[in-house]
């Protein structure tokens with residue numbers, strides 16, 4: 001089976017968030033199939049071409065990637081690619097990417113099977129951003145019949161309901177499947193923490209949807225010696241300036257630092273340095289970064305009801321409603337106050353939880369069943 005994936009960005013980019021992780025892991029899992037990726041030749045919000053790519057198809061071992069300049073990233077090139085490789089399935093990432101409309105037009109004309117993963121874009125926490133542009137677009141692609149006969153990948157009940165609501169899709173066209181998590185290439189030693197100290201990390205895009213500003217505010221009344229390190233691309237400069245102003249208001253015993261970007265290969269090692277991952281996100285259809293933290297045995301404090309990981313609560317993590325600011329501060333303080341023994345037990349609970357949740361062999365079986373059912 002040949003699977004063509006057209007997406008906005010892919011590795012070696014560092015700023016495109018979860019979709020490159022999802023797709024790279026997908027290609028590794030489905031390595032006996034022929035996976036082709038068409039994407040931009042530069043990172044998000046940049047124009048400089050990646051230095052370590054070639055013209056034409058780049059063989060990454062688990063897939064072949066065609067990197068295009070902005071002028072080449074268009075319907076004409078997509079058509080040429082489809083004519084060249086003759087894919088059995090078109091696998092689209094996101095609904096509001098610039099490649100989606102022309103690719104759906106081409107797929108409709110060629111009677112090509114399409115699987116579309118909205119990647120959380122239809123969930124309430126994400127859709128409300130620029131909703132005045134997104135809703136007319138949804139109505140347009142429906143009116144043109146571009147969503148007819150499409151199949152959709154959902155990773156949560158919320159996303160399934162959102163697909164039904166906005167695209168009027170029947171149950172048999174929606175496949176609820178987890179994304180494929182990244183497995184670390186090596187095992188990193190666990191941190192040994194002391195009571196009264198806490199090392200916290202935020203690792204994600206710096207954008208209102210990821211809610212870093214709230215994360216900073218939760219530390220105002222936390223006691224103890226605390227480090228809070230921030231990693232990720234700054235996508236919204238005005239929002240980051242708000243965050244910087246809030247950081248200045250924190251007491252002296254709360255040490256906050258922006259640490260820049262992290263490559264995908266470094267993520268597990270980074271998480272292994274911290275006592276907890278703080279992530280009050282507004283919406284995640286899966287949350288690769290959450291899974292990566294847990295696989296790295298880094299306890300998590302995440303928002304309740306906005307990710308598919310609510311059942312981690314008290315299993316090596318806390319899930320807290322976004323409206324309960326005092327509970328967030330309490331959760332942070334509990335981690336700071338934990339003794340080394342209590343923290344080790346908390347990490348053991350997390351290891352048991354994530355081992356139970358992730359069944360890679362079953363995921364592969366489920367993905368294969370989905371593609372052959374289309």
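The values are calculated or read from the model by the stated rules, or taken from the named source; none is laboratory data. Here the structure is a predicted model, which means the values were calculated and not measured. So basically every Cβ, Gly included, is an ideal-geometry build from the backbone, and we count neighbours across all protein chains shown.
Of note:
- Matching residues, region 258-297, being buried (at least 20 other Cβ atoms within 10 Å of the Cβ), assigned to a helix (DSSP H, G or I) and in contact with a helix residue (DSSP H, G or I) (Cβ under 8 Å, 6 or more places away or on another chain): 267, 268, 271, 288, 289, 291, 292, 293, 294, 295
- Test for residue 130: is it farther than 23 Å from residue 88 by Cβ, surrounded by fewer than 19 Cβ atoms within 10 Å (Cβ to Cβ) and at pLDDT 90 or above: no
- The numbered conditions (1) under 25 Å from residue 41 (Cβ atoms); (2) under 25 Å from the mean Cα position of the chain (by Cα); (3) in a loop (DSSP other than H, G, I, E, B) are all true for residue 129 except (1).
- Filter pass, residue 234 being touching a strand residue (DSSP E or B) at 6+ places or on another chain (Cβ under 6 Å), buried (at least 17 other Cβ atoms within 10 Å of the Cβ) and farther than 23 Å from residue 13 by Cα: no
For every residue, the table says whether it meets (1) touching a residue at least 12 places away in the same chain (Cβ under 8 Å); (2) outside the structural domain of residue 287 (by TED's automatic domain parsing); (3) closer than 27 Å to residue 296 by Cα.
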residue: 133; (1), (2), (3): no, yes, no
residue: 139; (1), (2), (3): no, yes, no
residue: 146; (1), (2), (3): yes, yes, no
residue: 163; (1), (2), (3): yes, yes, no
residue: 169; (1), (2), (3): yes, yes, no
residue: 176; (1), (2), (3): yes, yes, yes
residue: 215; (1), (2), (3): yes, no, yes
residue: 220; (1), (2), (3): yes, no, no
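- Any hit, region 275-283, residues being modelled with pLDDT of 95 or more and over 23 Å from residue 323 (Cβ atoms): yes
- Subset of region 35-53 that is touching a helix residue (DSSP H, G or I) at 6+ places or on another chain (Cβ under 8 Å) and in contact (Cβ under 8 Å) with a residue 40 or more places away in the chain - its residue that is surrounded by the fewest Cβ atoms within 10 Å (Cβ to Cβ): 36
- Taken over region 298-316, the criterion of being touching a strand residue (DSSP E or B) at 6+ places or on another chain (Cβ under 8 Å), within 16 Å of residue 345 (Cβ to Cβ) and part of a loop (DSSP other than H, G, I, E, B) is satisfied by 298, 299, 316.
- If the condition is being within 22 Å of residue 371 (Cβ to Cβ), surrounded by fewer than 17 Cβ atoms within 10 Å (Cβ to Cβ) and under 26 Å from the mean Cα position of the chain (by Cα), then region 63-87 contributes no residue at all.
For every residue, the table says whether it meets (1) touching a strand residue (DSSP E or B) at 6+ places or on another chain (Cβ under 7 Å); (2) outside the structural domain of residue 149 (by TED's automatic domain parsing); (3) at pLDDT below 95.
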{"position": "6", "(1), (2), (3)": "yes, no, no"}
{"position": "16", "(1), (2), (3)": "no, no, yes"}
{"position": "32", "(1), (2), (3)": "no, no, yes"}
{"position": "52", "(1), (2), (3)": "no, no, yes"}
{"position": "58", "(1), (2), (3)": "yes, no, no"}
{"position": "79", "(1), (2), (3)": "no, no, no"}
{"position": "87", "(1), (2), (3)": "yes, no, no"}
{"position": "92", "(1), (2), (3)": "yes, no, no"}
{"position": "98", "(1), (2), (3)": "no, no, no"}
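- When 14, 31 are checked against the criterion of being part of a loop (DSSP other than H, G, I, E, B) and out of contact with any helix residue (DSSP H, G or I) (no Cβ under 8 Å at 6 or more places or on another chain), a single residue qualifies: 31.
- Extreme residue, farthest from the chain's Cα centre (by Cα), among residues of region 314-326 that are at pLDDT 95 or above and loosely packed, with under 15 Cβ neighbours inside 10 Å: 326
- Any hit, region 217-231, residues being in contact with a helix residue (DSSP H, G or I) (Cβ under 8 Å, 6 or more places away or on another chain), closer than 15 Å to residue 18 by Cα and at pLDDT 95 or above: yes
- Residue in region 338-351 that is surrounded by 17 or more Cβ atoms within 10 Å (Cβ to Cβ) and outside any helix (DSSP H, G or I) present: yes
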